[in-house]
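The structure under discussion appears below in the form of C-alpha cells.
The values are calculated or read from the model by the stated rules, or taken from the named source; none is laboratory data. All of these numbers come straight from a predicted model, not from anything done at the bench. Methodologically, a virtual Cβ is constructed for each residue, glycine included, from the backbone with ideal geometry; neighbour enumeration extends over all protein chains shown.
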Amino acid sequence: MKMKYISLPLTILISIYIISCEFGIQDESLDPANLTMVEGQVVDAITGNWISNASVKIVYDSLETGTSTDSKGFFSTEFYLSSDKEILIIVNKAGYELDTIKIFAATGTTNRTSLIKLYSDQIIVSDSSGSAASIYLFSQSQESIVVKESGGVEACQIVFEVLDSSGIPITQENWVVVKFSFLSNPGGGEYLYPDSVITNAFGRASVTLNSGTMAGVIQILATIQLANNTINSRPVLISIHGGLPDQNHFDVASDFLNYPAFGILGYVIPFTAYVGDKYSNPVRQNTSVYFSTTSGIIEGSALTSVIGTATVNLLSQPFPDHQLYGPGFLEVIASTIDENSELIYTSSVRLLSGFPIISVSPTLIDIQNGGSQIFTFTVSDGNNNPLAKGNSISVTVEEGNITLLGNIEFTLPDTQSEAFTQFSFSAFDSEPDTLNPVNAVIKIQSTGPNGDESINIFGTSR
C-alpha cells in the first residue's frame, strides 16, 4: 500500500519540525532546506495548445503528490525531498494518451521540466511515409535581415518540409538530401549554411541565411535530386537592408520653416531626423541620433523607428539670434555614427517670427483726375523677417473713388524669404468725370498667427 503525501502549509511544517526536535523526535525529511518545487507546462503535441486540468502525479521517496494544470497548462507543486534524486512525473488527461517522464530533482530548489506534449488518443501516428514528392517552406525566423555589422539580426533560419504524394511528411527511412542555393543575391558576401541537409525524422531540412555587406533581395532555391526527377521549392524572397547611417541619406527637419514664436518662451517644435543607409533604406531600428540647437532647449537623443525616423521636441527661447542668419533664426543639429565609425552631421535652420509691422510708401494719397498712384508696402516682423504661414494681408478702400490693383488680398506661405515682405499695389481714380477732390482712405491690414495689425493711408483723389 502506497502512502499518499498530504500537503501542509510551510509555517505548520516548520512548527512540527521544531516541536519534534524539542521532544527528541526528529524527521530530517521535514527540514525546510529540503522543500523542493517541480513545475512545468503541458501542451497538445499536434496543435501546441495549452492543456488545462490535466492530472499531474509526482512519485518520489516511495511517496507521491499530485496537482493539476491551470488554464495555460502550467503546473507547480512543493514537497520535501530527502536528497537529490530521479523522480517520476505522470501526466494524464481524458482524451489524451498518458505520458510519463523522469527528471533529476535537486532537493531544496525549483526544478523545471521540459515541455510535456500529450497526443490525442484519437490520432493515429504513422510510422512510415512514401517517398519524397514535394517540398515547401515550413517556417522562416525573420522577414528580413540587416546588413552585416550594422547591429541588428544578420541571420535568418529557413525550414523546408518534404512531403510524400499523400501530403505526409517523409519519415527517416525515406530521407533525402536538400540542397540550397541562391537564385539571386546582392553579391555582398552573403552565404547559406549548410549548403545541403539530410531531412530529419519530421521530413524537415533547415538552412541559415547570413547577410553580407550589401543590401538587396535574396532568392533562395531548395532542390531535391532524385534518380529520375528533380524537386524544387518556390524561391524564398528575403530582403537585406538596415545598414549604418550614411551622410548622403541623413537629414533633420520640422513641419514648418517659419513659426510665429519670436518672443515666446517654451514654444514646442518637434524636429525629426531622417536616417538612411548608403542603399537609401532606413537604418537599423533603434539607431541613436544626438540633437543640439543654437537656441532653446532640445531633447538630447532619440532612437530611430522602423522607417528610420527619430523625433525630439525643441522648447524655444524668446529671442534667438543666429550668428550667420541673424535675429529670429535658430539651428538644430543632428549627429550619428556612420559605417566608418565617424560622426556625421546634418542641420536645419528655422525662423521664429514676431508681431507684424506695416510700412508704406508713399504715405499720402494724391491721385490726379483720371490718374493713378503706385504704392509699395512692407509687412514683416521687427527683425524684417517674413510672417508665418497663414497670415492674411489685405488692402481695401475705406473712403474715396478709388479702384485697387496688385497685391491687395493674399495669404502668406511657409517661408523664410524676405521676398514675402515686400508688396505693391496701384490705386486708380475710378470716377474721372468728377472734377472736385474727394477724401480718400486706404487700409492695409495683416491678420493671423503672428497677430493683427493695420495702418491707414490718407489723402485725396480728383
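For (1) modelled with pLDDT under 95; (2) within 15 Å of Leu405 (Cβ to Cβ), each residue gets a yes or a no:
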| position | (1), (2) |
| --- | --- |
| Gln422 | no, no |
| Asn439 | yes, no |
| Ile442 | no, yes |
| Asn456 | no, no |
| Among the residues of segment 393-413 satisfying the criterion of being exposed (fewer than 15 other Cβ atoms within 10 Å of the Cβ) and over 20 Å from Val441 (Cβ atoms), which is nearest to the chain's Cα centre (by Cα)? | Pro413
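Would you check which residues across segment 247-271 are in contact (Cβ under 8 Å) with a residue 40 or more places away in the chain and either assigned to a strand (DSSP E or B) or under 20 Å from the mean Cα position of the chain (by Cα) (or both) and list them?
Those that are in contact (Cβ under 8 Å) with a residue 40 or more places away in the chain and either assigned to a strand (DSSP E or B) or under 20 Å from the mean Cα position of the chain (by Cα) (or both): Phe250, Asp251, Val252, Ala253, Ser254, Asn258, Tyr259, Val268, Ile269, Pro270, Phe271.
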| remark: When every residue in segment 320-351 that is in a loop (DSSP other than H, G, I, E, B) and touching a Pro at 6+ places or on another chain (Cβ under 7 Å) is compared, the one surrounded by the most Cβ atoms within 10 Å (Cβ to Cβ) is Gly328
| Among the residues of segment 288-301, is any at pLDDT below 95, touching a Gly at 6+ places or on another chain (Cβ under 8 Å) and of a type outside the set (S, T, N, Q)? | no
| said: Among the residues in segment 222-243, are any among the small types (Gly, Ala, Ser) and without any contact (Cβ under 8 Å) to a residue 40 or more places away in the chain? | reply: yes
| query | Can you tell which of Ser141, Ser129 is outside the structural domain of Gln172 (by TED's automatic domain parsing), surrounded by 14 or more Cβ atoms within 10 Å (Cβ to Cβ) and within 30 Å of Ser206 (Cβ to Cβ)? | reply | Ser129
| field | Elements of type strands (runs of 3 or more DSSP E) in segment 352-462, at least 3 residues being under 30 Å from Pro270 (Cβ atoms) and not hydroxyl-bearing (Ser, Thr, Tyr) | value | none
| field | Odd one out for Ser316, checked against (1) exposed (fewer than 15 other Cβ atoms within 10 Å of the Cβ); (2) in contact (Cβ under 8 Å) with a residue 40 or more places away in the chain; (3) in contact with a Gly (Cβ under 9 Å, 6 or more places away or on another chain) | value | (1)
| Quick check, is Asp164 under 36 Å from the mean Cα position of the chain (by Cα), farther than 13 Å from Phe138 by Cα and in the same structural domain as Gln140 (by TED's automatic domain parsing)? | no
| message | Name the single residue that is farthest from the chain's Cα centre (by Cα) among those in segment 192-236 being under 30 Å from Ser280 (Cα atoms) and not in a strand (DSSP E or B). | response | Arg234
| said: Residue under question is Thr460, and the condition is that it be touching a residue at least 12 places away in the same chain (Cβ under 8 Å), hydroxyl-bearing (Ser, Thr, Tyr), in contact with a Pro (Cβ under 7 Å, 6 or more places away or on another chain) and farther than 25 Å from Gly326 by Cα; does it hold? | reply: yes
| task | For segment 245-267, indicate whether the set of residues that are out of contact with any Gly (no Cβ under 9 Å at 6 or more places or on another chain) and of a type in the set (Ser, Thr, Tyr) is non-empty. | result | yes
| Is segment 440-452 home to any residue that is under 23 Å from Ala261 (Cα atoms) and either basic (Lys, Arg) or surrounded by fewer than 15 Cβ atoms within 10 Å (Cβ to Cβ) (or both)? | yes
